[in-house]
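Asks: Below is a structure I'd like to ask you about.
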Amino acid sequence: MSIDHSWLPTETEDDVFMDELRNEVIRAYPNPDRAGCPDESALRRVVFGGINEYPNSDAVMQHTMKCGPCTRQVAIFVKEKARERPA
């Protein structure tokens, strides 16, 4: 019996979905006063060090999913991390 994998999204579809999700969070949660935002070093630590490496990582990621400015900063760090990977 073979498994039909045709329903799985392509890498391009995944990228488009993630871009749209990020943009929606940024639009829906502007947080102009940066209420409850972790400092930039905490966001960087979660992206570069690994989500489960630090005790407050879960709280940082939960906040990021409801904060446009933090979502934007995490996206910048993710791109920075991708550029640092050897080809």
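Asks: Taking the mean number of other Cβ atoms within 10 Å as a proxy for protection, how do you rank 60-70, 74-84 from highest to lowest?
Replies: The packing order, highest mean first, is 60-70, 74-84.
Asks: For the ranges 14-26, 36-48, what's the packing order if you count other beta-carbon atoms within 10 Å of each residue, average per peptide, and put the highest first?
Replies: Going by the mean number of other Cβ atoms within 10 Å, highest first, we get 36-48, 14-26.
Asks: About the Cα centre of segment 10-87, what is the dipole size in debye to 20, counting +1 per Lys and Arg Cβ and -1 per Asp and Glu Cβ, all else neutral?
Replies: The dipole of segment 10-87 has a size of about 300 debye.
The numbers here are math on the coordinates, done by the rules we state, and not lab data. Quantities reported herein were computed from a predicted structural model and do not represent experimental measurements. Every residue, glycine as well, gets a Cβ built from its backbone with ideal geometry; the counts of neighbours run over all protein chains shown.
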